[in-house]
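**Q** Pasting in a structure now, in structure tokens, and then I'll have a few things to ask.
What follows is calculated from the coordinates using simple rules that are stated; it is not laboratory data. Note that this is a predicted model, so its numbers are computed, not measured. No Cβ is skipped: glycine too gets one built from the backbone with ideal geometry, and neighbour counts run over all protein chains shown.
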Amino acid sequence: MDTQKPATRPMLKSSQKTSNENVRQQNSGLVLEALRRDGALAHTDLSASTGLSSATVSAITAELEKLGLIERREVANVGHRGRPRVLFNRRRDAAHVIAVRISSHAVQYSLADYRGTLIDRIEEPRDHGATTASAFLAGFRDAIERLIRRSRLPDDAVMTISISSKGIADRDGAKLLWSPIFGYESLDFESALSGLSHPGVSDRGNIRLFNESLLVTHALLLRLEKSRQTPLPALATLSLGHSIGLGVALRDRSGLVRVVAPNFGHMLHAADGKLCRCGAYGCVEASAGFYGILRAAFEVPPDTIPAKFVPLGEMEKIASRARQGHRVSEYAFRQAGLALGQSLSRMLSLAEETMPIAITGPGTRFMDLLMRGLTEGLGQSQHVRVHGAPEILIITEEETLVFEGHVDRALTEIDQDLGG
Ligand SMILES: [Zn+2]
């Protein structure tokens, strides 16, 4: 809107219209969201779950049908004679999303429809046979094109490519600034995918990059709120593995949720001379990442260059020795737990909130060994003494959460674009 013009009558009219337009857009967003999260719904259920009046739901569903975003289906009203029940649902083919998860060993390319259902997936070894960032990006682009081609979807069907990795993503673009795999060699996904033979994506520039922990937190918050049937004021997720990731979701007074993934794994934990994969000393990860635990268990000097990759089998061996009472192995897990507990307590103090902490990732199989140090580390802070210990949840499965986080964020954005 041009704010330079004097506020004449037509101007007032148009701003009036804009606010009505906003309300309508918000309402159609609510309807689309309810259908995304709950699946097919009847008129009355849509009204109940969105809080919109029956008349508003009628107007919005009619419009969304016209836009081709939703469809209606008549189903027999079991046990009732007369009129069949009408169920509204999102139209599968209204838009598609590609979600890519880059992990230390593999890259998973998933295609989802407008309902958020997974319809195809390609999984490749992470290196695509390539060790440099540019070769990786070439393989990446190739895999995306293959997935689109074999889906036989129309040219503009894929509206968003949503990518996740561990590491540091820049806030605005789709650039990975540091990653455990490529170090400080930055990866620019937006330019790597420019001029893609599939114009739907590259025209709109809807390429998103997220830190993986942010997506896990987003998806887990939705899941917990659904199962507990109540909004959570805050939630943190801690991912344990080769890297340490943290995501924090905080709800503000107006009810809006902001999810962030601070660089927790590379936050300074202690000036203890332990060399981190990032090149700094004393990071949380240098104590609590798999290589940190391995280094402590084998009593190698703390400034030893971290192992690139620690096979899970190697970690299991240390764990089973620790469970049999081997003191150095036990200590390695305990010092890792302590680093995590102390660092989490700092996070809680800064957030001024005692929130549930969900622990995810391959490291969850060692919780019996990590928990003692973790509880001890948390308990050392004044925040925990005053407000009590946070609830700890163990979530062993991460992959589906990453996918759900990708799809929910991408479809919310697409709903705003299309439903407006
Ligand atoms: Zn570091």
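**Q** If you build the Cα gyration tensor of the chain and take the root of 5 times each eigenvalue, what three semi-axes come out, in whole angstrom, biggest first?
**A** The answer is 43, 26, 22 Å, longest axis first.
**Q** Rounded to two decimals, what is the ratio between the C-alpha radius of gyration of the range 13-90 and 2.2 N^0.38 Å?
**A** 1.21
**Q** Select from 264, 20, 345 the residue farthest towards the positive end of the dipole of the chain; place +1 on Cβ of Lys and Arg, -1 on Cβ of Asp and Glu, and compute about the Cα centre.
**A** Farthest along the dipole direction, towards plus: 20.
**Q** Taking the Cα of residue 146, stepping 7 Å toward and past its beta carbon, and measuring to each backbone N in the range 99-115: which are under 20 Å?
**A** 99-112
**Q** Between residue 127 and residue 155, with labels modelled 7 Å along Cα→Cβ, what's the label distance in nm to one decimal, could you check?
**A** 3.9
**Q** Let me ask another. Between helix 327-351 and the chain, what is the angle of the helix's C-alpha long axis to the longest principal axis, kept within 0 to 90° and rounded to the nearest 10?
**A** 40
**Q** While we're looking at this one, here's another question. Do any GluC sites (Glu not before Pro) in the range 147-247 lie in a loop, going by DSSP, with at most 14 other beta-carbon atoms within 10 Å of their beta carbon, and if so which?
**A** The qualifying sites are 185.
**Q** In whole Hz, with x marking every Gly and Pro, tabulate ³J(HN,Hα) for the range 112-119 from phi via Karplus 6.51 cos²θ - 1.76 cosθ + 1.60, θ = phi - 60°.
**A** Karplus values, whole Hz, x for Gly and Pro: 10, 8, 5, 8, x, 7, 5, 10.
**Q** With point charges of +1 on the Cβ of Lys and Arg and -1 on the Cβ of Asp and Glu, referenced to the Cα centre of the chain, which listed residue (359, 87, 369) lies farthest in the positive direction of the dipole?
**A** Comparing the listed Cα positions along the dipole, 87 ranks first.
**Q** Report the local net charge at residue 302: Lys and Arg +1, Asp and Glu -1, summed over other residues whose C-beta lies under 12 Å from its C-beta.
**A** Local charge sum for residue 302: -1.
**Q** What list of ³J(HN,Hα) values in whole Hz, one per residue of the range 181-190 in order, does the Karplus curve 6.51 cos²θ - 1.76 cosθ + 1.60 (θ = phi - 60°) give from phi, with Gly and Pro shown as x?
**A** Listing the rounded values in order: 7, 9, x, 7, 6, 7, 10, 9, 6, 4 Hz.
**Q** While we're looking at this one, here's another question. Considering amide H positions built from the backbone, and no H for Pro or chain starts, which residues 5 or more places from residue 392, or on another chain, come under 5 Å of its amide H?
**A** It is 357, by chain and number.
**Q** Here is a further query. Taking every DSSP beta bridge that has both residues in the chain, what percent is antiparallel when rounded to the nearest 5?
**A** Beta bridges within the chain, antiparallel portion: roughly 70 percent.
**Q** Length gain on complete extension for the stretch residue 368 to residue 24, per 0.36 nm per residue less the alpha carbon to alpha carbon distance?
**A** Result for the pair: 118.7 nm of gain on full extension.
**Q** Separate question: Over the range 330-420, what per residue volume does the convex hull of the Cα atoms give, in whole Å³?
**A** Here the figure is 114 Å³ per residue.
**Q** Expressed as a fraction of 2.2 N^0.38 Å, the rule-of-thumb size for a compact globular protein of N residues, what is the C-alpha radius of gyration of the range 167-315?
**A** So the range 167-315 has a normalised radius of gyration of 1.25.
**Q** Can you pull out the trypsin sites (Lys or Arg not before Pro) in the range 66-130 whose DSSP state is coil and whose Cβ has at most 14 other Cβ atoms within 10 Å?
**A** 81
**Q** Also, I was wondering about something else. Long-range amide H contacts for residue 103: which residues qualify at under 5 Å (H placed 1.01 Å from N, peptide plane, sequence gap of 5 or more or a different chain)?
**A** Amide H neighbours of residue 103, under 5 Å, 5+ apart: 108.
**Q** Which far-off residues, 5 or more places away or on another chain, put their amide H under 5 Å from the one on residue 120, with H placed in the peptide plane?
**A** 111
**Q** Please sort by residue number the GluC sites (Glu not before Pro) in the range 67-164 whose DSSP state is loop and whose Cβ has at most 12 other Cβ atoms within 10 Å.
**A** Filter output for the range 67-164: empty list.
**Q** Once both labels are modelled 7 Å past Cα along the beta-carbon direction, what's the residue 92-residue 412 spacing in nm?
**A** My value for the distance between the label points is 2.6 nm.
**Q** May I pose another question? Kirkwood Rh, Cα Rg: Rg to Rh for the range 214-398?
**A** Value, to two decimals: 0.98.
**Q** Another one. Would you kindly derive the ³J(HN,Hα) couplings of the range 24-32 from the backbone phi angles with the Karplus curve 6.51 cos²θ - 1.76 cosθ + 1.60 (θ = phi - 60°), listing them in order in whole Hz, with x for Gly and Pro?
**A** Values, residue by residue: 5, 5, 4, 5, 5, x, 5, 5, 5 Hz.
**Q** Could you count how many Lys pairs in the chain have their Cα atoms under 29 Å apart, skipping same-chain pairs fewer than 8 positions apart?
**A** 14
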